[in-house]
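A quick write-up on the structure given underneath.
The values are calculated or read from the model by the stated rules, or taken from the named source; none is laboratory data. All values reported here derive from a predicted model rather than from experimental measurement. Ideal geometry is used to build each Cβ from the backbone, glycine not excepted, and the neighbour counts take in all protein chains shown. Only protein heavy atoms, including side chains, enter the accessible area calculation; ligands, DNA and RNA are left aside. Shrake-Rupley method; radii C 1.70, N 1.55, O 1.52, S 1.80 Å.
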Amino acid sequence: MTIMPIVVTGATGQLGRLTVEALLRRGIPAADIIATGRDIARIKDLADRGITVRRADFADTDGLAEAFAGADRLLLISASVPVGERVANHRRVIDAAASAGVSLVAYTSTTHADTATTAIGATHGETETYLRDRGIPSVLLRNGWYLENYTSQLPQILQNGAVVGAAGEGRISAASRADYAEAAAVVLTGEGHTGAVYELGGDESFTLSELAAAISAAARKQVTYADLPVTDFAQVLAAAGLPAELAEVLADADRGMNRGEMYTDSGDLRRLIGRPPVTLAEALSVAALH
């Protein structure tokens with residue numbers, strides 16, 4: 001069975017790099033991995049390890065064709081661009097993948113993308129529809145929220161003594177980037193995944209109130225959850241220095257969480273990676289040591 005080369009888009013980002021590492025651990029030769037990104041200087045170390053590194057800008061159609069030349073399978077990691085540009089970027093990647101004749105496109109979507117009401121969820125839903133309509137063999141990796149979205153904020157949370165959000169008591173099935181990357185590597189290197197829709201998330205869901213309690217236990221400092229209206233939360237994020245559009249998108253994501261759009265009890269992630277995903281308590285324990 002030959003399934004190489006495998007292209008990983010967004011290899012300059014955290015999820016992409018972790019997926020490359022996961023492919024290597026699964027025995028894929030470095031020469032059979034094509035790592036792409038806009039700024040390939042950031043992945044020079046991958047080239048030094050024998051991985052093919054190519055520049056790929058989702059806005060550059062000709063460049064995408066060159067980047068994907070000779071590829072067999074491709075991981076499309078959703079673009080980290082303004083919401084209004086995401087779908088057009090994804091369509092260019094999908095078109096280039098089709099032209100390259102890839103046998104499988106794996107797309108990192110979001111939980112319940114077909115019914116999501118958030119702005120970011122809608123872009124995933126539109127991308128899924130386009131991928132299906134293009135008729136390319138595909139698999140949807142509907143990644144839930146990242147545990148790192150919270151652990152990276154620990155210094156500010158502990159300084160303020162509060163988790164601030166607008167998710168109410170909505171349950172969140174978050175998992176680590178490394179576990180999502182491992183799932184992507186499993187799909188890219190295995191058979192029988194074509195046409196699958198995987199709802200991916202941690203086994204142990206939590207509310208933001210429970211997150212605050214878990215941080216309190218891990219840090220031995222009292223942390224509470226301040227639940228705000230969506231518009232107020234967007235203003236808090238903007239006041240903290242986030243661009244206004246991003247602040248609104250993130251606040252809107254919390255609104256989706258309140259509706260259960262980041263919750264899944266599918267068990268798909270555990271089954272794909274063959275073990276329980278990293279838990280919130282484990283992630284907090286590791287983060288607290290650094």
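Below are the figures for this structure:
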| read-out | value |
| --- | --- |
| Every pair of residues 6+ apart whose Cβ atoms lie under 7 Å, when the first sits in segment 113-139 and is more than 17 Å from Pro82 (Cα to Cα) while the second is outside any strand (DSSP E or B) and among the polar types (S, T, N, Q) | Pro137/Ser103; Pro137/Thr194; Val139/Thr194 |
| Subset of segment 205-234 that is over 21 Å from Arg259 (Cα atoms) and open to solvent by 80 Å² or more (accessible area, probe 1.4 Å) - its residue that is modelled with the highest pLDDT | Gln222 |
| Residues located in segment 160-169, provided they are acidic (Asp, Glu) and buried (at least 20 other Cβ atoms within 10 Å of the Cβ) | none |
| Candidates Ile157, Ile136, Ile172, filtered to the one that is open to solvent by less than 40 Å² (accessible area, probe 1.4 Å) and farther than 26 Å from Glu248 by Cβ | Ile136 |
| Search result, residues across segment 241-260 that are open to solvent by 20 Å² or more (accessible area, probe 1.4 Å), closer than 22 Å to Arg171 by Cβ and either assigned to a helix (DSSP H, G or I) or of a type outside the set (Lys, Arg) (or both) | Val249, Leu250, Asp252, Arg255, Asn258, Gly260 |
| Qualifying residues in segment 1-45 (those that are among the hydroxyl-bearing types (Ser, Thr, Tyr) and surrounded by fewer than 24 Cβ atoms within 10 Å (Cβ to Cβ)) - the one farthest from the chain's Cα centre (by Cα) | Thr2 |
| Search result, residues across segment 174-231 that are of a type in the set (Val, Ile, Thr), over 22 Å from Leu154 (Cα atoms) and either in a helix (DSSP H, G or I) or without any contact (Cβ under 8 Å) to a residue 12 or more places away in the chain (or both) | Val186, Val187, Thr189, Thr231 |
| Counted residues, segment 137-163 - those being part of a loop (DSSP other than H, G, I, E, B), touching a Leu at 6+ places or on another chain (Cβ under 8 Å) and farther than 16 Å from Tyr263 by Cα | 1 |
